[in-house]
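What follows is one structure encoded as structure tokens, with my remarks underneath.
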Amino acid sequence: MSFIVRSVRHAIAPLTRTRPFRRIAPVALPPLERGLRLVSGGRLQVSGLLVPSLVLHSIGARTGIERDTSLMYTPDGAGNAIVAATSFAREKHPAWSYNLMANPNAAITVRGHRQQVRATLLTKEERESMWRRIEKQWPGYRSYERESGRTVRLFRLEPFGDCGELPPSSTPSQVS
């Protein structure tokens with residue numbers, strides 16, 4: 001990871017844990033993400049400027065309608081993506097996590113490349129090592145779990161079919 005990206009992350013990460021950010025981000029970031037995705041043909045995301053990011057295409061648990069959600073992900077070192085259902089430290093789990101629990105077959109788009117994935121909720125035993133990996137990528141991210149008062153759901157998104165591994169991240173942030 002480049003010195004510049006690492007420095008910017010360490011400067012911005014504490015701001016993302018503030019109450020004002022947690023209040024504004026859920027309202028402001030989704031339209032920004034959609035706009036940048038639209039003008040870039042799905043190749044860029046606001047969050048993708050600092051961390052590996054993807055768009056999750058899940059099927060609504062109640063509606064059956066495809067829902068798109070921009071998320072940060074952490075490579076697990078085995079070609080899969082780990083996503084954390086933090087929901088900006090809100091008390092309730094985000095809708096996309098319920099969608100994955102109801103229908104684990106989904107799709108993701110990474111840098112304009114769409115592929116099918118199967119979501120698996122991480123076991124209690126897997127959680128600690130994945131949280132360490134996530135926090136290596138984004139310092140203090142687990143504070144959302146502590147502040148929400150709930151156990152944040154962590155999912156492994158495993159590509160299946162003929163798509164192979166996730167494409168390389170658009171940021172110099174591969175976590176080893």
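Given the Cα-Cα distance of R90 and V27 and 0.36 nm per residue of separation, how much length would full extension add, in nm?
Difference between extended and current length: 21.4 nm.
Using the Cα centre as the reference, give the magnitude of the dipole from point charges on the C-beta atoms of segment 5-75 (Lys, Arg: +1; Asp, Glu: -1; all else neutral), rounded to the nearest 20 debye.
300
Heavy-atom accessible area per residue, the chain, 1.4 Å probe: how many Å²?
On a per-residue basis, the chain sits at 53 Å².
Within a Cβ distance under 14 Å of R17, other residues only, what is the Lys/Arg minus Asp/Glu net charge?
+4
Using the Karplus equation 6.51 cos²θ - 1.76 cosθ + 1.60 (θ = phi - 60°), what ³J(HN,Hα) coupling, rounded to whole Hz, does each residue of segment 88-99 give in order, writing x for Gly and Pro?
Karplus values, whole Hz, x for Gly and Pro: 6, 6, 6, 5, 9, 5, x, 4, 4, 6, 5, 4.
What are the ³J(HN,Hα) couplings of segment 140-157, residue after residue, when phi is run through the Karplus curve with 6.51, -1.76, 1.60 and θ = phi - 60°? Round to Hz, x for glycine and proline.
Ordered by residue, 3J(HN,Hα) equals x, 4, 5, 4, 4, 5, 4, 6, 6, x, 9, 7, 5, 6, 10, 10, 9, 9 Hz.
Using a Förster radius of 22 Å, what is the FRET efficiency between L15 and T123 based on their Cβ-Cβ separation? Nearest 0.05, please.
About 0.10, to the nearest 0.05.
Which order do the peptides 67-75, 81-89, 112-120 come out in when sorted by mean C-beta neighbours inside 10 angstrom, highest first?
Going from most to least packed, we get 81-89, 67-75, 112-120.
Excluding V83 itself, calculate the net charge of residues whose Cβ lies under 11 Å from the Cβ of V83, where each Lys or Arg counts +1 and each Asp or Glu counts -1. Write out the running numbers ahead of the final one.
Working: positive: R153, R156; negative: D76.
Within the 11 Å Cβ shell, the charges total +1.
On the protein heavy atoms, probe 1.4 angstrom, tell me the percent of accessible surface of the chain carried by carbon and sulfur. Walk me through the numbers before you get to the answer.
Numbers: 5270 of 9300 Å².
It is 57 percent, rounded to a whole number.
Considering only protein heavy atoms, with the full assembly of protein chains and a 1.4 angstrom probe, order E66, E125, E145 by accessible area, largest first.
E125, E66, E145
Using each residue's phi in segment 124-131, evaluate 6.51 cos²θ - 1.76 cosθ + 1.60 at θ = phi - 60° and report the 3J(HN,Hα) Karplus result to the nearest Hz, with x for Gly and Pro.
4, 5, 7, 4, 4, 5, 6, 4
Determine the sum of side-chain charges near K92: Lys and Arg each +1, Asp and Glu each -1, restricted to other residues whose C-beta is under 12 angstrom from that of K92.
Numbers: positive: R90, R150, R153; negative: E91.
Surrounding charge for K92 is +2.
What is the ratio of the Cα radius of gyration of the chain to 2.2 N^0.38 Å, with N the residue count, to two decimals?
0.96
The values are calculated or read from the model by the stated rules, or taken from the named source; none is laboratory data. Computed from a predicted model, the values in this text were never measured in an experiment. Ideal geometry is used to build each Cβ from the backbone, glycine not excepted, and the neighbour counts take in all protein chains shown. Areas reflect the complete protein model, heavy atoms only, side chains present, ligands, DNA and RNA absent. Shrake-Rupley method; radii C 1.70, N 1.55, O 1.52, S 1.80 Å.
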